[in-house]
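Undergrad: The following block contains the structure, expressed as structure tokens.
The values are calculated or read from the model by the stated rules, or taken from the named source; none is laboratory data. Please read all numbers here as calculations on a predicted model, not as lab measurements. Here the Cβ is made from the backbone with ideal geometry for all residues, glycine too, and neighbour counts use every protein chain on show. Only protein heavy atoms, including side chains, enter the accessible area calculation; ligands, DNA and RNA are left aside. Shrake-Rupley method; radii C 1.70, N 1.55, O 1.52, S 1.80 Å.
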Amino acid sequence: MLDAAALAAEVAEDLVVGTVRDVHGAVAGRVHGVGDYVTGGTTLTHRVHDGISHIVYTGISAGLKVSAKGLRAAGRAGISPAIEDSPRGRFVVSAVNGLIGDRLREEGSNLAFDMGVRVHGRDISLDRAGVAAAFPDATDKVVVFVHGLSENESHWNRAARPKREVPDRRSYGERLVGEGWTPVYVRVNTGFPIAENGVAMAGVLDRLVQSWPLEVRRIALVGHSMGGLILRAACAVSTDNESPWTDRVTDVICLGTPHLGAPLERVVDQGVRYLGALPESAPFGRILEYRSVGILNLRHGLAQDVQNLPNARYRLVAATLTRSPRSLTSGAIGDYLVPYASALGRSRGGEEMFPGAETLHVPSADHFDLLNHDDIYAAVREWLRDRSDPPTKEESRTR
């Protein structure tokens, strides 16, 4: 937890104090500039103001830097419990890395983490012993779940919508166990570039398949938001393996994935440019610039030359706040973060990134409802149905 406190102190020093100092200096400079112009030189009041301001801001900045250094040293010494030991701590780590994960890695922060397959809040060893211990009931059908920006694997545990009288609180993965699938959850540092995460994901899935207790017959990939882009990037990574894991992928399911980009990131980018036009507002633009490469990559989605797997079936799920996907709201913001057309990979010119893909529209739902929704599960269950499998117990009871 001390690492998180140290990071908060560093951010406060860099962004909060730095922004206040720069705005103060810009405003004061404009005000005192009038007096300097009249007198033909720097006035005494201007010099006194600048001297006092320098002392105050330097003192505050130095205090925060010393505090951050001390907190990091205490964290390395093991004085406080590790932030990863609690679900709330893991939530904070994932959220912060989504925002500035690339910067944390460059600085060697203890809060930075790499991609990993997760079981009970911990990375597992991707060797035969580690995988066998983590998945004692492994089947030959593997469904891989990859979360979105600033999320982690526990976000898939969101209670399902719409709520029933007796709500089914199980996740997609838990429900698919009854269909013969083994769920695998991957945690991704979403602050890293999407292409880099795609390469890492390809490596993780290759090692997972090689170490799986059984011969893997089918792989289904399910990605929420940015997770869908990362999975698509992973599928495009070439390999010299004679039997690549991609040959086993039968289904790619994207839930609210911004295939054509997310307009919110483009709005933020424009905001940075507008704020930079004046010295008084430029420091606020620096706050908006304090975002990871992963977020910047959401501006346009994946490159157009990223190829889809020829033998996999693509399923695209898009939510809209309104009931109709043709409303102005659906076209502009869709599910709050991803427009309807972007989630379906349909450009304004009518071109489709996924010709022949099955689609599902989820009305009156937001971006995060896609993490667990009864209507989506019903579709996923049907999409992943192995026609050669015997009926499940639930199906037998309803016949």
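Undergrad: Has region 161-172 got any residue that is closer than 23 Å to residue 219 by Cα, crowded, with 18+ Cβ neighbours inside 10 Å and either in contact (Cβ under 8 Å) with a residue 24 or more places away in the chain or over 16 Å from the mean Cα position of the chain (by Cα) (or both)?
TA: Step one: filter region 161-172 for residues closer than 23 Å to residue 219 by Cα, giving 170-172.
Applying the additional criterion that residues be crowded, with 18+ Cβ neighbours inside 10 Å yields 171-172.
When the remaining residues are screened for being either in contact (Cβ under 8 Å) with a residue 24 or more places away in the chain or over 16 Å from the mean Cα position of the chain (by Cα) (or both), the result is 171-172.
Checked region 161-172: at least one residue is closer than 23 Å to residue 219 by Cα, crowded, with 18+ Cβ neighbours inside 10 Å and either in contact (Cβ under 8 Å) with a residue 24 or more places away in the chain or over 16 Å from the mean Cα position of the chain (by Cα) (or both).
Undergrad: While we're here: Note down all Cβ pairs under 6 Å where the first residue falls in region 303-332 and is touching a residue at least 40 places away in the same chain (Cβ under 8 Å) and under 17 Å from residue 376 (Cβ atoms), the second is assigned to a strand (DSSP E or B) and of a type outside the set (A, V, I, L, M), and they're at least six residues apart or on different chains.
TA: 313/251; 315/358; 316/254; 316/359; 318/361
Undergrad: Output the residue which, of all residues in region 123-133 that are in contact (Cβ under 8 Å) with a residue 24 or more places away in the chain and either of a type in the set (Phe, Trp, Tyr) or open to solvent by 50 Å² or more (accessible area, probe 1.4 Å) (or both), is nearest to residue 157 (Cα to Cα).
TA: Taking region 123-133 and keeping what is in contact (Cβ under 8 Å) with a residue 24 or more places away in the chain, we get 123, 126-128, 130-132.
Among the residues that remain, those that are also either of a type in the set (Phe, Trp, Tyr) or open to solvent by 50 Å² or more (accessible area, probe 1.4 Å) (or both) are: 123, 127-128.
On the way: 123: 18, 127: 27, 128: 27 Å.
Restricting to residues being in contact (Cβ under 8 Å) with a residue 24 or more places away in the chain and either of a type in the set (Phe, Trp, Tyr) or open to solvent by 50 Å² or more (accessible area, probe 1.4 Å) (or both), the top hit is 123.
Undergrad: Let me ask something additional. Within region 285-320, restricting attention to residues that are of a type in the set (Val, Ile, Thr) and closer than 18 Å to residue 258 by Cα, which residue is modelled with the highest pLDDT? Steps first, please.
TA: Taking region 285-320 and keeping what is of a type in the set (Val, Ile, Thr), we get 287, 293, 295, 306, 317, 320.
Narrowing further to those that are closer than 18 Å to residue 258 by Cα: 293, 295, 306, 317, 320.
Working: 293: 87, 295: 85, 306: 90, 317: 98, 320: 95.
Residue satisfying both the conditions and the ranking: 317.
Undergrad: Okay, moving on. Could you pull out the residue among 260, 229 that is modelled with pLDDT under 95 and hydrophobic (A, V, I, L, M, F, W, C)?
TA: The match here is 260.
Undergrad: Report every pair of residues separated by at least 6 positions or lying on different chains whose Cβ atoms are under 8 Å apart, first residue within region 340-368 and closer than 22 Å to residue 381 by Cβ, second open to solvent by 40 Å² or more (accessible area, probe 1.4 Å) and small (Gly, Ala, Ser).
TA: Every condition considered, the pairs that remain are 363/324.
Undergrad: Tell me which residues, restricted to region 105-153, are among the small types (Gly, Ala, Ser) and within 17 Å of residue 171 (Cα to Cα).
TA: If we filter region 105-153 for residues that are among the small types (Gly, Ala, Ser), which is where we start, we get 108-109, 112, 116, 121, 125, 129-130, 132-134, 138, 148, 150.
Within region 105-153, 121, 148 qualify.
Undergrad: Looking at residue 160, is it out of contact with any Cys (no Cβ under 8 Å at 6 or more places or on another chain) and within 24 Å of residue 303 (Cβ to Cβ)? Steps first, please.
TA: Values: out of contact with any Cys (no Cβ under 8 Å at 6 or more places or on another chain): yes; within 24 Å of residue 303 (Cβ to Cβ): no.
When the stated conditions are applied, residue 160 does not pass them.
Undergrad: Follow-up. Condition test on residue 113, is it surrounded by fewer than 18 Cβ atoms within 10 Å (Cβ to Cβ) and at pLDDT 80 or above? Spell out the reasoning first.
TA: Details: surrounded by fewer than 18 Cβ atoms within 10 Å (Cβ to Cβ): no; at pLDDT 80 or above: yes.
Criteria not met by residue 113.
Undergrad: Please state which one of 216, 237, 188 is among the β-branched types (Val, Ile, Thr), more than 30 Å from residue 320 (Cβ to Cβ) and touching a residue at least 60 places away in the same chain (Cβ under 8 Å).
TA: 216
Undergrad: Among the residues of region 315-332, write down those that are open to solvent by less than 20 Å² (accessible area, probe 1.4 Å) and out of contact with any Ser or Thr (no Cβ under 8 Å at 6 or more places or on another chain). Before the answer, list the steps.
TA: First pass over region 315-332, keeping only residues open to solvent by less than 20 Å² (accessible area, probe 1.4 Å): 315-320, 330.
Correct list: 319 only.
Undergrad: Okay, next question. Search region 123-158 for residues being of a type in the set (D, E, K, R) and farther than 22 Å from residue 212 by Cβ, and hand back the single one that is modelled with the lowest pLDDT.
TA: Going through region 123-158, the residues of a type in the set (D, E, K, R) turn out to be 123, 127-128, 137, 140-141, 151, 153, 158.
Subsequent filtering for residues that are farther than 22 Å from residue 212 by Cβ retains 151, 158.
On the way: 151: 94, 158: 89.
For region 123-158, the residue satisfying everything is 158.
Undergrad: On the basis of being open to solvent by less than 20 Å² (accessible area, probe 1.4 Å) and modelled with pLDDT under 90, does residue 342 make the cut?
TA: Details: open to solvent by less than 20 Å² (accessible area, probe 1.4 Å): yes; modelled with pLDDT under 90: no.
So residue 342 fails the test.
Undergrad: Here's a follow-up. Which numbered condition in (1) under 21 Å from residue 127 (Cα atoms); (2) out of contact with any Leu (no Cβ under 9 Å at 6 or more places or on another chain); (3) open to solvent by less than 30 Å² (accessible area, probe 1.4 Å) is the only one that residue 204 fails?
TA: Against the list (1) under 21 Å from residue 127 (Cα atoms); (2) out of contact with any Leu (no Cβ under 9 Å at 6 or more places or on another chain); (3) open to solvent by less than 30 Å² (accessible area, probe 1.4 Å), residue 204 comes up short only on (2).
Undergrad: Report yes if residue 255 is within 22 Å of residue 134 (Cβ to Cβ), in contact (Cβ under 8 Å) with a residue 60 or more places away in the chain and of a type in the set (A, V, I, L, M, F, W, C), otherwise no.
TA: On the way: within 22 Å of residue 134 (Cβ to Cβ): no; in contact (Cβ under 8 Å) with a residue 60 or more places away in the chain: yes; of a type in the set (A, V, I, L, M, F, W, C): yes.
No: the conditions fail for residue 255.
Undergrad: Report yes if some residue within region 211-226 is assigned to a helix (DSSP H, G or I) and surrounded by fewer than 22 Cβ atoms within 10 Å (Cβ to Cβ); otherwise report no.
TA: Step one: list which residues in region 211-226 are assigned to a helix (DSSP H, G or I), which gives 211, 226.
Cutting the leftovers down to surrounded by fewer than 22 Cβ atoms within 10 Å (Cβ to Cβ) gives us 211.
Yes, some residue in region 211-226 is assigned to a helix (DSSP H, G or I) and surrounded by fewer than 22 Cβ atoms within 10 Å (Cβ to Cβ).
Undergrad: Let me ask you something else. Quick one: count up the residues across region 176-199 that are open to solvent by less than 30 Å² (accessible area, probe 1.4 Å) and part of a loop (DSSP other than H, G, I, E, B). Break it down stepwise before answering.
TA: At the first step, the residues of region 176-199 found to be open to solvent by less than 30 Å² (accessible area, probe 1.4 Å) are 176, 180-184, 186-192, 194, 197-198.
Narrowing further to those that are part of a loop (DSSP other than H, G, I, E, B): 180-181, 188-192.
So the count comes out to 7.
Undergrad: Still on this model: Would you check which residues across region 251-260 are open to solvent by 30 Å² or more (accessible area, probe 1.4 Å) and either touching a Leu at 6+ places or on another chain (Cβ under 6 Å) or in a strand (DSSP E or B) (or both) and list them?
TA: The first filter runs over region 251-260 and keeps only residues open to solvent by 30 Å² or more (accessible area, probe 1.4 Å), leaving 260.
Listed by number, the list is empty, since nothing qualifies.
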